[in-house]
Amino acid sequence: MIAIVGAGLAGLSTAFHLKGPYRLFEKEKEAGGLCRSYQVDGFTFDLTGHLLHFRQAAIQTLVEGLLGGRLQKHVRRSYIYSHRTYTEYPFQVNTYGLPPDVVRECLLGFIATLTNPSPSRKDQAQTEPQSFKAWILENLGEGMAKHFMVPFNEKFWQAPLDELTSDWVSWLVPKPDLKDVVNGALGIKDKAFGYNPSFLYPAQGGIEALPKAFLPSVAEIAYGAELIEVETGKRRATFGDGRVLDYEQLVSTIPVTELVRLCADFPQGLREAAAGLRCVSVYSVNLGVARERLSDKHWIYFPEPDYPFYRAGFPMNFSPSLGPPGCSSLYVEISHRPTEHSRPAEVIRQVRGGLERGGILKPDDDILVADLRDIRYAYVLFDRHRAKVLPAILDELQRRGIHSIGRYGRWEHTSMEDAIDQGKKLAEHLNRSGQAQSTDRP
Ligand SMILES: Cc1cc2nc3c(=O)[nH]c(=O)nc-3n(C[C@H](O)[C@H](O)[C@H](O)COP(=O)(O)OP(=O)(O)OC[C@H]3O[C@@H](n4cnc5c(N)ncnc54)[C@H](O)[C@@H]3O)c2cc1C
């Protein structure tokens, strides 16, 4: 028997692709994990924006097949708001419109990276992963660091950037060439940039339409079943609802930090190492406002400290069905350290103030819904500790018949597509290796 823990996209995709018997255990009363949506007073909200971008044709075909024509394609309209000006994302190739001295600093800084390779990189032994701060300075230069990359990322990660490594950056932060930077400073546009120049989103129902589409092909889900202990030596899992299961293989999609804590017989050194893995939490503040078309954009980044949030988005611009006619909805994202909390009413007050200062809300706007959800595990911190200990933790779990997958199972910065892909690949491996014996599957 294969036990799967967690019915987010990684767990659902594993179950969907397995050919043999399995049981799927989910601690909540519903499936979907981070890709759930919820309704309040006629508005449908996701846990902040959840937009689909595909790099793998096979996963795109699978998702399009599951959603049967219910996805709509959008050409990204994302912006950065700084110096009281909107510039297009990504910042590094779109500085046109900023004050001239800011544009000059960004250009000269970028040119300096081409003519003077970073001394830190030249002299340094290349055994240690490069810090994120050094990566920014080396690849984008001092001007872009000062006017966007450093303030934005410090707000986002809630940590000094020289504590972070740069091994996750390459696909998320596009590295431009000089022509693109100069064109961007002059307002000349001849191509699309970034990992998501367009995206797909369900026409109806919010992102939850995606996990829901897996459900008819997934049997044996136990809801309200929280994994509370694993005896790895006996291959035995205990759940909060009293179930005890002897498994052959365990597929876990819960945060690896939690998983290791639940494995009472795991080596002590690795338990301590797992406890030191860091992440940032996010307040997802969803607002319903009684005014049409608050913005024509999909989402906006806010690097400046005057705004407590790092991003705000407009779900009804992806799908008008997400709110009542004549209204707008917004998601606003605020990072915080997992150990530090603010009162929801205070966070919402600060959000409103920031949105008014940014010209998005007016003081007399009627806010119909203001709902805050705290995403405890939101963004994994890539630091030197993670680079050092994570491979050993995952290997030891694997040795004990536990496959830890998904965004938090592998403790990484990955997308919905990746979660689906990891579940598919693992199930195919288990099918091939005979660990998932063929059975009558619905
Ligand atoms: C703020 C934010 C915005 C994002 N935006 C995008 C985006 O625009 N596009 C994109 O592609 N991706 C986005 N992502 C990433 C995307 O949400 C994830 O990659 C994907 O949902 C991960 O799925 P998962 O199954 O690995 O994890 P999860 O969705 O976290 O699923 C894990 C499941 O395990 C359950 N669980 C936890 N502990 C236990 C336990 N002890 N016992 C039983 N069950 C348990 C949880 O309830 C949950 O259902 C975003 C993520 C965040 C945080």
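For this structure, a couple of remarks:
- Fraction of alpha-carbon pairs over 20 Å apart in region 351-418 - percent: 56
- Across the alpha-carbon atoms of region 137-222, the computed radius of gyration and Dmax are 19.4, 58 angstrom.
- Label reach from V182 (point 7 Å along Cα→C-beta): in region 86-102, amide nitrogens under 18 Å belong to 92-97.
- Using alpha-carbon coordinates, inclination of helix 384-399 to the longest axis of the chain, degrees: 20
- The spread of Cα positions in region 258-326, taken along each principal axis and listed from longest to shortest, comes to 58, 30, 16 Å.
- FRET efficiency for the pair R291 and K19, taken as 1/(1 + (r/R0)^6) with r the Cβ-Cβ distance and R0 = 56 Å, rounds to 0.60.
- FRET efficiency, 1/(1 + (r/R0)^6) with R0 56 Å, evaluated for H385 and A219 via beta carbons: 0.90
- Relative exposure of R76, R432, R407, judged by other C-beta atoms within 10 Å (fewest first): R432, R76, R407
- Exposure proxy for T339, T238: other Cβ atoms within 10 Å of each Cβ, ordered fewest to most, give T339, T238.
- Ordering K425, K297 by the number of other Cβ atoms within 10 Å of each residue's own Cβ, fewest first, gives K425, K297.
- Inverse of mean 1/r across different Cα pairs in region 181-336, Kirkwood, Å: 20.5
- Under the simplified labelling scheme, the K189-R243 pair shows an inter-label distance of 5.1 nm, with each label point 7 Å from Cα along Cα→Cβ.
- Using alpha-carbon coordinates, inclination of helix 100-115 to the longest axis of the chain, degrees: 60
- Relative to the longest principal axis of the Cα atoms of the chain, the long axis of helix 344-357 lies at roughly 30 degrees.
- Potential lengthening of the chain between Q60 and T339 amounts to 96.7 nm, from the contour at 0.36 nm per residue minus the alpha-carbon distance.
- For the chain, taking the reciprocal of the average inverse distance between every pair of different Cα atoms yields a Kirkwood hydrodynamic radius of 23.4 Å.
- Relative contact order [Cα under 8 Å, 6+ residues apart], the chain, whole percent: 27
- Ellipticity estimate at 222 nm from DSSP helix runs (n ≥ 4, -39,500 (n - 2.57)) divided over the chain, nearest 500: -9000 deg cm²/dmol
- Beta bridge orientation in the chain: antiparallel %, DSSP, nearest 5: 75
- 11 Å beta-carbon shell around P151, net charge (K/R +1, D/E -1): -1
- With distances taken between every two different alpha-carbon atoms, region 295-388 has a Kirkwood hydrodynamic radius of 15.1 Å.
- Over region 139-186 - Rg/Rh using Cα atoms and the Kirkwood inverse-distance radius: 1.00
- If the Kirkwood radius is taken over C-alpha pairs of region 1-142, then at 4 °C and 1.567 mPa s the Stokes-Einstein diffusion coefficient equals 63 µm²/s.
- In this entry, region 213-298 is assigned a mean projected area of 10.1 nm², taken as a quarter of its C-alpha convex hull surface.
- The calculated FRET efficiency for Y96 paired with R400, based on their beta-carbon distance and R0 = 51 Å, is about 0.40.
- Full-extension gain in nm, S198 to T115, via 0.36 nm per residue minus C-alpha separation: 26.5 nm
- The slack between H413 and V75, meaning 0.36 nm per residue of separation minus the straight C-alpha distance, is 119.4 nm.
Since every read-out is calculated from the coordinates, none of them should be taken as a lab result. Note that the coordinates shown come from a computational prediction; the quantities given were computed from them, not determined experimentally. As a convention, Cβ positions derive from the backbone with ideal geometry for all residues, glycine included, and neighbour counts pool all protein chains shown.
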